[in-house]
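So the structure is just underneath, and the comments pick up after that.
The values are calculated or read from the model by the stated rules, or taken from the named source; none is laboratory data. Note that this is a predicted model, so its numbers are computed, not measured. Here the Cβ positions follow ideal geometry from the backbone for every residue, glycine too, while neighbour counts run over all protein chains shown. For the accessible areas, the whole protein counts, side chains as well, though only heavy atoms, and no ligand, DNA or RNA atoms are used. Shrake-Rupley method; radii C 1.70, N 1.55, O 1.52, S 1.80 Å.
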Amino acid sequence: MPEPKLAEELKKMQREPLLPIEKKLITRSILLGLFLVAVLAWTSQVLFRN
Amino acid sequence: MKKGMTEDWLAVYIGLLIFALSLAGFFGGDLLGWAVTTSVWTSVSKALAPASKAYAALGGVASLLATYVFLLALLTLGAKALRLEPLRFAKGFTFVFFAGYLSWIAGSWAYIAATADKRAALGIGWSLNLTNEAGFIVALLAGLFVGNFVPYASSRIKEAIRPELYVKTGIVILGGMLGITAAEQTALATSMMFHGLCAIVAAYLIYWAVVYYVARQYFGFSREWAAPLASGISICGVSAAIATGSAIKARPVVPVMVSSLVVIFAVVELLLLPFVAQAFLYREPLVAGAWMGLAVKTDGAAVTSGAIAEALIRAKAAANGSLYQPGWILGASTTVKVFIDVFIGVWAFVLAWIWSAKIEPKPGEKVRAFEIWERFPKFVLGYLATFVLILAVAVAAPVLIPKAKSAMGQANVFRGIFFVMTFFTSGVVSDFRRLWEEGIGKLAVVYVLCLFGFIIWVGLAISWIFFHGVRPPLIQG
């Protein structure tokens with residue numbers, strides 16, 4: 001079987017608008033990530049710097 | 001046909017076997033002292049020597065051959081377990097071993113490797129100050145040359161071109177070394193583990209979401225392409241792209257193409273970031289180590305970047321009068337990378353659930369929790385076993401610490417050899433001609449934009465928040 005060509009594979013790709021669930025996944029991931037980094041940074045200060 | 005063993009499990013078995021042999025040191029034995037080590041040299045005849053003085057009579061060349069025969073036998077048996085053709089593997093491995101080791105010897109030439117404090121003893125007036133880890137860079141460049149300019153040779157040795165197997169074996173062995181390092185500074189080691197948690201948050205929740213959004217919204221990638229691409233750039237390169245591709249039921253070609261790009265850019269990072277870290281972060285060595293783990297993709301490139309960064313930063317710090325203990329910078333890179341790896345299965349499970357329940361629901365399709373275990377990187381178990389065992393022994397019986405250090409020092413000789421083979425084979429698989437392939441532009445632009453415009457800097461910021469001002473212990477006396 002011939003090896004698929006990247007250019008052809010990308011050409012086949014169809015534009016799909018972002019679904020509300022994807023938007024939710026992205027927004028919630030980033031917000032949760034930032035919140036957890038802040039909590040962990042604070043915990044790190046308390047546990048390891050004092 | 002019966003399915004063979006996975007590379008992950010093979011790495012665990014080989015790593016644990018070498019670790020177990022090194023433990024003879026606790027009982028007065030010396031089962032690995034014949035293994036070859038390389039020193040910084042001005043006369044090549046003095047470059048090689050057996051690891052242990054008990055085997056000094058063997059000489060450097062015989063020690064190199066003994067090491068080769070031992071690894072050839074071990075890995076050819078492993079190749080059989082992987083269902084590879086043993087003879088073809090043995091031929092390829094011979095090339096990989098000697099090309100890697102000769103690169104290491106070349107990189108250990110005093111004018112390249114000697115640090116400023118060693119020049120007088122070696123009788124030289126100048127050197128590049130790169131330490132003998134410069135051999136890793138030479139091995140990478142040699143591999144890049146073979147992979148990109150001698151395609152005939154690279155196709156003849158392809159059975160043995162297994163950077164993931166070599167690095168994972170090296171990481172299992174490294175666990176014991178880091179265990180003994182951690183035992184001497186438990187507070188610092190605990191703080192490093194804690195930083196691993198933050199790396200998980202950054203890679204999975206922040207990096208992934210941003211890369212996915214950029215790929216989907218600004219570059220018009222479909223979900224099938226955007227998800228493996230986001231995992232490849234954000235998490236752990238090849239294995240994450242493949243796990244994600246399978247979780248969202250992408251066609252196999254998608255993660256394979258993403259992976260080929262991941263490997264190329266990981267090599268670019270490996271050649272750049274340790275030197276950037278040396279130039280700007282030599283006063284913050286643990287920030288540099290954690291940064292390598294968070295920013296450099298693929299296990300091989302991340303952990304070996306940590307090794308290079310450690311060598312470069314320790315050399316520069318030594319020139320400024322600070323002799324940092326070895327192991328801490330590499331330990332930070334490895335801890336961060338291993339923590340990130342552990343969650344690949346969980347992340348693939350979460351994505352599989354979201355895709356099957358919310359994005360592309362198919363009647364009757366269920367996601368099995370067992371998939372988390374199936375995708376769990378098994379070499380992490382080997383790493384944890386060696387780390388925890390040595391840490392526990394050293395904490396429970398501090399009187400055994402000198403013996404543990406000596407035993408892990410012998411195992412570490414093999415860690416170095418597995419790393420140098422990782423560098424060489426990483427170079428061979430990095431086919432830069434792919435960058436000129438028609439259609440790669442859009443994929444490469446997303447990659448470059450996200451990696452160099454976002455991930456590297458967020459990784460640096462997070463490493464800075466958690467590690468600035470924390471320094472490895474100094475060598476006393």
Exercise. Quick one: which residues, 5 or more positions from B:Trp109 or on another chain, have an amide H under 5 Å from its amide H? H modelled 1.01 Å from N in the peptide plane, none for Pro or chain starts.
Key: B:Trp41
Quiz prompt | Fraction of accessible area attributable to carbon and sulfur, the range B:142-250 (%, probe 1.4 Å) | solution = 64
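Given the C-alpha atoms of the protein assembly as shown, compute the convex hull and give its volume per residue in Å³.
159
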Exercise. Return the distance in nm (one decimal) between the two label points of a simple spin-label model at B:Trp373 and B:His468, each offset 7 Å from Cα along Cα→Cβ.
Key: 4.5
Self-check item: Compactness of the range B:24-87 - radius of gyration and Dmax, Cα, Å
Solution: 14.7, 44
Practice problem: Mind giving me the nanometre distance, one decimal, between the label points for B:Lys80 and B:Thr190, set 7 Å out from Cα along Cα→Cβ? | Solution: 4.8
Quiz item: So if we plug the beta-carbon distance of A:Thr43 and B:Gln325 into 1/(1 + (r/R0)^6) with R0 = 35 Å, what FRET efficiency do we get, rounded to 0.05?
Solution: 0.85
Quiz item: Once phi is turned into θ = phi - 60°, what whole-Hz ³J(HN,Hα) does the Karplus curve with 6.51, -1.76 and 1.60 give for every residue of the range B:205-217, x standing for Gly and Pro?
Solution: 9, 9, 4, 4, 5, 5, 5, 4, 5, 4, 4, 6, 7
Quiz prompt | Per-residue SASA entry for A:Glu16, accessible area with 1.4 Å probe, Å² rounded to 10 | solution = 60
Exercise. Would you jot down the residues in the range B:195-210 that end up with at least 40 Å² less accessible area in the complete protein assembly than in the chain alone, with a 1.4 Å probe?
Key: B:Val201, B:Leu205, B:Ile206, B:Ala209
Quiz item: Using just the C-alpha positions of chain B as equal point scatterers, what log10 of I(q)/I(0) does the Debye formula give at each q in 0.07, 0.08 1/Å?
Solution: -0.35, -0.45
Exercise. Quote to one decimal, in nm, the extra length available between B:Arg156 and B:Thr94 on full extension: 0.36 nm per residue of separation minus the C-alpha distance between them.
Key: 21.2 nm
Quiz item: With each label point set 7 Å from Cα along the Cα-Cβ vector, what nm distance links B:Val395 and B:Arg283?
Solution: 3.4
Practice problem: Quick one: what are the phi-derived ³J(HN,Hα) couplings along the range B:221-229, Karplus 6.51/-1.76/1.60 with θ = phi - 60°, whole Hz, x for glycine and proline? | Solution: 6, 6, 4, 4, 8, 5, 5, x, 5
Self-check item: Contour minus Cα-Cα distance for B:Leu435 and B:Ile124 (0.36 nm per residue)
Solution: 107.8 nm
Practice problem: Sort B:Trp109, B:Trp41, A:Trp42 from largest to smallest accessible area, using a 1.4 Å probe on the heavy atoms of the protein chains. | Solution: A:Trp42, B:Trp109, B:Trp41
Quiz item: If you plug each phi of the range B:406-411 into the Karplus form 6.51 cos²θ - 1.76 cosθ + 1.60 with θ = phi - 60°, what whole-Hz ³J(HN,Hα) values come out, in order, with x for Gly and Pro?
Solution: 5, 5, 5, x, 5, 4
Practice problem: Report the charge-dipole magnitude of the range B:7-467 in Debye, nearest 20, computed about the Cα centre from +1 at each Lys and Arg Cβ and -1 at each Asp and Glu Cβ. | Solution: 300
Quiz item: Using alpha carbons only, how many degrees (0 to 90, rounded to 10) separate the axis of helix B:163-184 from the longest principal axis of chain B?
Solution: 60
Exercise. Mind listing the long-range amide H neighbours of B:Thr37? Cut-off is under 5 Å, sequence gap 5 or more, other chains count too, H placed in the peptide plane at 1.01 Å from N.
Key: B:Ala49, B:Ala51
Quiz prompt | Cα long-axis angle, helix A:20-44 against chain A (0 to 90 degrees, to the nearest 10) | solution = 30
Quiz item: On a 0 to 90 degree scale, rounded to 10, what angle separates helix B:299-319 from the longest Cα axis of chain B?
Solution: 40
Quiz item: Please identify the trypsin sites (Lys or Arg not before Pro) of the range B:196-299 that satisfy two criteria: DSSP loop assignment and at most 13 other Cβ atoms within 10 Å. Which are they?
Solution: B:Lys249
Self-check item: C-alpha center-to-center spacing [the range B:35-64, the range B:105-161] in angstrom
Solution: 18
